[in-house]
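Asker: Supplied in structure tokens, the structure appears directly below.
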Amino acid sequence: MTSRPYVLLSCAMSIDGYIDDATAERLLLSNDADLDRIDAVRAGCDAIMVGAATVRRDDPRLLVRSERRRAERVARGLPPCPVKVTVTASGDLDPAARFFTMGDGAKLVYCPTGVADKTREQVGAVATVVDAGDPVTPEAVLADLAGRGVGRLMVEGGGSLHGQFLTAGVADELHLVVAPFFVGDRRAPRFVEDGRFPWHPGRRARVVEARQIGDVVLTRYALSDRCDG
């Protein structure tokens with residue numbers, strides 16, 4: 001898929017690999033300086049994707065926060081914020097979630113054929129619902145996004161979505177931030193679960209940057225030849 005969007009995965013986790021804890025409150029893994037870095041990365045993308053579970057659990061806005069960065073995008077002929085994208089298997093999405101209500105840009109919802117009608121009933125008034133086949137695959141989503149002019153996609157999680165893109169071998173770059181503490185609770189979600197990944201002891205991912213940002217550490221991995229570091 002040489003014409004697919006460039007795919008950048010972004011994740012923050014604890015030392016022991018968890019992306020949240022098992023409580024109802026959102027676990028803060030990053031810091032202000034790193035959140036500003038993420039904002040800059042968002043501003044350089046055409047679309048931002050999260051899974052439906054993340055929409056339900058974290059209620060993210062997925063907007064470029066910096067007024068200066070929004071203005072710079074507009075000056076380049078782009079909308080102030082990237083297109084927002086989510087993928088749902090069940091169609092269970094709340095149209096009042098901030099994913100849908102915050103920002104004037106386009107919102108795309110990909111779903112399997114079997115729940116397309118249900119998903120349109122749920123959020124068709126506030127987003128474009130795309131029947132992506134059954135099952136929905138990263139390749140199908142990327143092909144549709146490419147047809148909509150998306151050249152650079154940022155995938156912000158959660159773990160299930162990250163795992164799907166990684167095991168499918170359609171990720172170009174990974175930004176992995178490690179927070180300086182442990183979660184230590186197997187009920188909590190991890191960065192990725194079991195799977196067959198293209199990167200293994202016989203084929204290591206290439207590190208293109210390792211940097212301390214306050215009390216967290218960012219490591220950037222090149223996952224394809226499209227990532228030049």
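The values are calculated or read from the model by the stated rules, or taken from the named source; none is laboratory data. For clarity, every value in this text was computed on a predicted model and none was experimentally measured. Reconstructed Cβ throughout: ideal geometry from the backbone, glycine too, with neighbour counts over all protein chains shown. Accessible surface is based on the protein model in full, side chains and every heavy atom, while ligands, DNA and RNA are left aside. Shrake-Rupley method; radii C 1.70, N 1.55, O 1.52, S 1.80 Å.
Asker: Does residue 194 count as open to solvent by 10 Å² or more (accessible area, probe 1.4 Å), at pLDDT 95 or above, more than 28 Å from residue 130 (Cα to Cα) and out of contact with any Cys (no Cβ under 9 Å at 6 or more places or on another chain)? Let's see the steps before the verdict.
Answerer: Numbers: open to solvent by 10 Å² or more (accessible area, probe 1.4 Å): yes; at pLDDT 95 or above: no; more than 28 Å from residue 130 (Cα to Cα): yes; out of contact with any Cys (no Cβ under 9 Å at 6 or more places or on another chain): yes.
So residue 194 does not fit the description; no.
Asker: If you go through the range 1-27, how many residues are under 17 Å from the mean Cα position of the chain (by Cα) and closer than 27 Å to residue 150 by Cβ?
Answerer: Result for the range 1-27: 11.
Asker: Now, a different point. For residue 57, all conditions in the list (1) at pLDDT 95 or above; (2) open to solvent by 30 Å² or more (accessible area, probe 1.4 Å) hold save one; what is the number of the exception?
Answerer: Of (1) at pLDDT 95 or above; (2) open to solvent by 30 Å² or more (accessible area, probe 1.4 Å), only one is false for residue 57: (1).
Asker: Considering the range 190-226 alone, what residues qualify as being of a type in the set (Phe, Trp, Tyr) and under 19 Å from the mean Cα position of the chain (by Cα)?
Answerer: 191, 197, 221
Asker: Something else about it: Select from the range 1-37 the residues that are in contact (Cβ under 8 Å) with a residue 60 or more places away in the chain and of a type in the set (Val, Ile, Thr) and write down the one among them that is nearest to residue 219 (Cα to Cα). Show your work before the answer.
Answerer: Taking the range 1-37 first, the residues in contact (Cβ under 8 Å) with a residue 60 or more places away in the chain are 1, 3-22, 27, 29-34, 37.
Within this subset, residues satisfying the condition of being of a type in the set (Val, Ile, Thr) are 7, 15, 19.
Working: 7: 16, 15: 13, 19: 16 Å.
Top of the filtered list is 15.
Asker: Same structure again: Being crowded, with 16+ Cβ neighbours inside 10 Å and either under 19 Å from the mean Cα position of the chain (by Cα) or in a loop (DSSP other than H, G, I, E, B) (or both) is true for just one of 163, 184, 169. Which residue is that?
Answerer: One residue alone meets the criteria, 163.
Asker: Taking only the range 66-79 into account, find how many residues are open to solvent by 30 Å² or more (accessible area, probe 1.4 Å) and closer than 23 Å to residue 144 by Cβ.
Answerer: Residues flagged as open to solvent by 30 Å² or more (accessible area, probe 1.4 Å) and closer than 23 Å to residue 144 by Cβ within the range 66-79 amount to 3.
Asker: In addition: For the range 1-57, which residues satisfy the criterion of being basic (Lys, Arg) and outside any loop (DSSP other than H, G, I, E, B)?
Answerer: Listed by number, the residues that qualify are 37, 42, 56, 57.
Asker: Sort out which residues of the range 1-48 are open to solvent by 50 Å² or more (accessible area, probe 1.4 Å) and touching an Asp or Glu at 6+ places or on another chain (Cβ under 8 Å), and write them in order of number.
Answerer: Correct list: 1, 26.
Asker: While we're looking at this one, here's another question. Inside the range 110-149, can you point out the residues that are over 25 Å from residue 58 (Cα atoms), touching a residue at least 40 places away in the same chain (Cβ under 8 Å) and open to solvent by less than 50 Å² (accessible area, probe 1.4 Å)?
Answerer: 146, the sole residue that qualifies.
Asker: A further question on this structure: Of all residues in the range 197-220 being in contact (Cβ under 8 Å) with a residue 12 or more places away in the chain and open to solvent by 90 Å² or more (accessible area, probe 1.4 Å), which is nearest to residue 57 (Cα to Cα)?
Answerer: If we filter the range 197-220 for residues that are in contact (Cβ under 8 Å) with a residue 12 or more places away in the chain, which is where we start, we get 197-199, 205-209, 213-220.
Pick out the ones that are also open to solvent by 90 Å² or more (accessible area, probe 1.4 Å) and you get 206, 215.
On the way: 206: 32, 215: 26 Å.
Among them, the one singled out is 215.
Asker: All but one of (1) more than 16 Å from the chain's Cα centre (by Cα); (2) of a type in the set (Ser, Thr, Tyr); (3) within 26 Å of residue 176 (Cβ to Cβ); (4) surrounded by 14 or more Cβ atoms within 10 Å (Cβ to Cβ) hold for residue 90; state the number of the condition that does not hold.
Answerer: Result: residue 90 passes all but (3).
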